[in-house]
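Report on one structure; see the data block that follows.
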Amino acid sequence: MHSPPAWTFDAIPDQSGRVVVVTGANSGIGYITARELARRGAQVILACRDPERGWLALTRMQGEVPGARLELRQVDLGSLASVREFAAGWDRGRLDLLVNNAGIAMVPYARTADGFESQFGINHLGTFALTGLLLPHLLAAPDPRVITVSSEGQRFARFDLRNLNAERRYRTAFAYVQSKRANLYFAMELQRRADAAGLRLRSVAVAPGLTRTNVLTGGANSGRGRLYATLTRLLVHAAFRPTPEGAKTSLYAATVPDLSGGSYIVPDGPLQLRGEPIRRTRERAIRDTDTAAHLWQLSERLTGVTYALRARTATSLPKRSSPTS
């Protein structure tokens, strides 16, 4: 039996007319995602935390894709004030596609500007707040789509609603995979609520697989010493696949025309570590509606961002009681 042909960037349909935001677009998967969408004609806003690194990425991308419609804007998902400023400054009318790509991984214990544990605060709460604040612009688009980058590591999370913010104990790896499980819960719950409100929004989660990026050596991990950096780079180069391969799931989720909202796109290889994009349905977190709903209400309370999901419906969703944080 022959394996299906590999999904390649050549399969991406024309993106002309789409207005796109990609967070963390200055490097890694985010850079490739933004570049390939721009190559197909989309107007792409590179939403980056560091203006200098963002400018270098923009300049490089302009050289790789002459004539691309690109723009750089600053946003720090570790600061709710920055997220609000980015959303308040949106002046492009509708937003067709939001790719929630930015995140941190396996970092030493730290708090965000708002006092949240950094991996939970940036990976989930920053993403939650940004999406909610941009939602009116997404709903102004004829076929809006939100892609949220989770991780194959989320399968190993011991998700504890009482310790999401490192209230009791902080363990680097556990905090990371828990934040990535939160990404998956968020993407699925966003689709459920959009469906209940009768909205056309499609929310899709993805896992990139093991991918060569600087997420383990840059940012907060850059101060962990020369030995850590050297060993980590060797490991990433030897065991992880090239960055464009890791961007496949994001680009597949963002561009396949008939993809259903509420999908979870992962590599089709063993343990979701490598392979071609495929829709995964046998994932307990996808069906765990109770935890997802509690996380949603907790996230609204912590961020102060309430989703405008009544925009095109006459009825609102029932309120659920918030869990103890």
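Key figures for this structure:
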quantity: Sole residue being at pLDDT 95 or above, on the phi < 0 side of the Ramachandran plot and part of a loop (DSSP other than H, G, I, E, B), chosen from SER16, SER82; calculated: SER16
quantity: Test result for ILE29, buried (at least 20 other Cβ atoms within 10 Å of the Cβ) and touching a helix residue (DSSP H, G or I) at 6+ places or on another chain (Cβ under 7 Å); calculated: yes
quantity: Residue that is nearest to the chain's Cα centre (by Cα), among those in the stretch 248-258 that are within 10 Å of PRO277 (Cα to Cα) and of a type in the set (Gly, Ala, Ser); calculated: SER250
quantity: Which numbered condition ALA113 fails, given (1) open to solvent by less than 50 Å² (accessible area, probe 1.4 Å); (2) closer than 29 Å to LEU95 by Cβ; (3) aliphatic (A, V, I, L, M); calculated: (1)
quantity: Per-region count, the stretch 136-161, residues assigned to a helix (DSSP H, G or I) and either over 14 Å from the mean Cα position of the chain (by Cα) or among the small types (Gly, Ala, Ser) (or both); calculated: 7
quantity: Tabulated pairs, the stretch 60-79, first within 10 Å of VAL44 (Cβ to Cβ), second assigned to a loop (DSSP other than H, G, I, E, B) and open to solvent by less than 30 Å² (accessible area, probe 1.4 Å), C-beta under 8 angstrom, 6+ apart or interchain; calculated: MET61/ALA68; ARG69/GLY41; ARG69/ALA42
quantity: Exclusive hit being open to solvent by 30 Å² or more (accessible area, probe 1.4 Å) and either not β-branched (Val, Ile, Thr) or not in a helix (DSSP H, G or I) (or both), set LEU184, LEU133, LEU164; calculated: LEU133
quantity: Residue ID - modelled with the lowest pLDDT, chosen from residues in the stretch 245-263 that are outside any loop (DSSP other than H, G, I, E, B) and either of a type in the set (A, V, I, L, M, F, W, C) or surrounded by fewer than 24 Cβ atoms within 10 Å (Cβ to Cβ) (or both); calculated: GLU245
quantity: Residue check for LEU271: at pLDDT below 85, surrounded by fewer than 18 Cβ atoms within 10 Å (Cβ to Cβ), closer than 16 Å to GLU152 by Cβ and in contact with a helix residue (DSSP H, G or I) (Cβ under 9 Å, 6 or more places away or on another chain); calculated: yes
quantity: Residue among ALA47, ALA38, ALA68 that is small (Gly, Ala, Ser), closer than 14 Å to LEU251 by Cβ, open to solvent by less than 60 Å² (accessible area, probe 1.4 Å) and modelled with pLDDT of 95 or more; calculated: ALA38
quantity: The stretch 136-161: number of residues that are open to solvent by less than 40 Å² (accessible area, probe 1.4 Å) and either touching a Phe, Trp or Tyr at 6+ places or on another chain (Cβ under 7 Å) or farther than 24 Å from ARG301 by Cα (or both); calculated: 7
quantity: Single unsatisfied condition, ALA25 versus (1) within 26 Å of ALA129 (Cα to Cα); (2) touching a Lys or Arg at 6+ places or on another chain (Cβ under 9 Å); (3) in a helix (DSSP H, G or I); calculated: (3)
quantity: Residue, most open to solvent (accessible area, probe 1.4 Å), within the stretch 80-106, restricted to residues that are within 14 Å of ARG49 (Cβ to Cβ) and among the β-branched types (Val, Ile, Thr); calculated: ILE104
quantity: Criterion violated by ALA311 - all others in (1) closer than 21 Å to GLN191 by Cβ; (2) surrounded by 13 or more Cβ atoms within 10 Å (Cβ to Cβ); (3) at pLDDT 90 or above satisfied; calculated: (3)
quantity: Failed condition for TRP55, given (1) aromatic (Phe, Trp, Tyr); (2) crowded, with 23+ Cβ neighbours inside 10 Å; (3) touching a strand residue (DSSP E or B) at 6+ places or on another chain (Cβ under 7 Å); calculated: (2)
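The values are calculated or read from the model by the stated rules, or taken from the named source; none is laboratory data. Not measured: the values here are computed from a predicted model. Using ideal geometry, Cβ is built from the backbone for each residue, glycine included, and neighbour counts are taken over all protein chains shown. Remember, those area values only see protein heavy atoms, side chains included, never the ligands or the DNA or RNA. Shrake-Rupley method; radii C 1.70, N 1.55, O 1.52, S 1.80 Å.
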